[in-house]
Amino acid sequence: MDWCRYRFRSLWDLPAAPGDVYEALSRVEDYPRWWPQVREVTEVEEGVGTARFRSFLPYDLRVTGRTQRSDPVDGVLEVRMAGDLDGWSRWTVRPGGRGTRALYEQEVVVRRPLMRRLSIPCRPVFRANHAFMMRSGRRGLAAYLEGV
């Protein structure tokens, strides 16, 4: 097993129309407005940007994301990442429940040296850190969509 490889999956049920959720998720530059752990997003060029994020652990992660797929008809947003995390992430937005079900999937390899050294003993903490970030993001996006 590669202890530096992570796969994450989160489901967000949101009380908004799928088109509104897709639109909000596609505006990555707005993430810091509603997702507290996303500290900064900077567009480098069309379809490419850098992001800095931090959850409850005392370190920032920095990645460069490159859009791989942006398909509003199928409700799919997919990004290739490089930097402290190397891999991909994808949102799939569908009608569900009282509005929308957004599925977040991510597969990454940690490249940050300290995290690699701590990968075995701290793996449960790293996973909890990610889960906290995702719960906070869901709450933030729900509140943001109510104000739109």
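Worth pointing out:
- Ratio of Rg to Rh for the stretch 80-148: 1.07 [Cα atoms; Kirkwood radius as inverse mean 1/r over pairs].
- Count Lys and Arg as plus one, Asp and Glu as minus one, and take only other residues whose Cβ is under 11 Å from that of Val110; the net charge is then +3.
- q = 0.16 Å⁻¹: log10 I(q)/I(0) that the Debye formula gives for the stretch 52-106, counting C-alpha atoms only: -0.60
- Under Karplus coefficients 6.51, -1.76 and 1.60, residue-wise ³J(HN,Hα) of the stretch 98-110 in Hz, glycine/proline x: 9, x, 9, 10, 10, 9, 10, 10, 8, 9, 9, 10, 6
- Phi to ³J(HN,Hα) by Karplus 6.51 cos²θ - 1.76 cosθ + 1.60 over the stretch 83-96, Hz, x for Gly, Pro: x, 4, 10, 10, x, 8, 9, 8, 9, 10, 10, 9, x, x
- Average Cα contact separation per residue, the stretch 37-148, under 8 Å, 6 or more apart, as relative contact order %: 16
- The stretch 7-56: relative contact order as a whole-number percent, Cα under 8 Å and 6+ apart: 22
- Accessible carbon and sulfur surface of the chain relative to its total accessible area, %, 1.4 Å: 51
- Sequence-distant residues sharing a close amide H with Gln68 (under 5 Å, placed H): Glu78, Val79, Arg80
- Helix-only arithmetic for the chain: the sum of -39500 (n - 2.57) across DSSP H runs with n ≥ 4, divided by the residue total, places the mean residue ellipticity at 222 nm at -8500 deg cm²/dmol.
- Order of exposure, largest accessible area first, which applies to Asp84, Asp20 with probe 1.4 Å: Asp20, Asp84
- Dipole of the chain [Lys/Arg +1, Asp/Glu -1 at C-beta], most positive-end residue of Tyr31, Ser70, Pro124: Pro124
The values are calculated or read from the model by the stated rules, or taken from the named source; none is laboratory data. These figures come from a predicted structure and were not determined experimentally. Backbone-built Cβ (ideal geometry, glycine too); neighbour counts: all protein chains shown. What goes into the accessible areas is simple: the full protein's heavy atoms, side chains included, and nothing from ligands, DNA or RNA. Shrake-Rupley method; radii C 1.70, N 1.55, O 1.52, S 1.80 Å.
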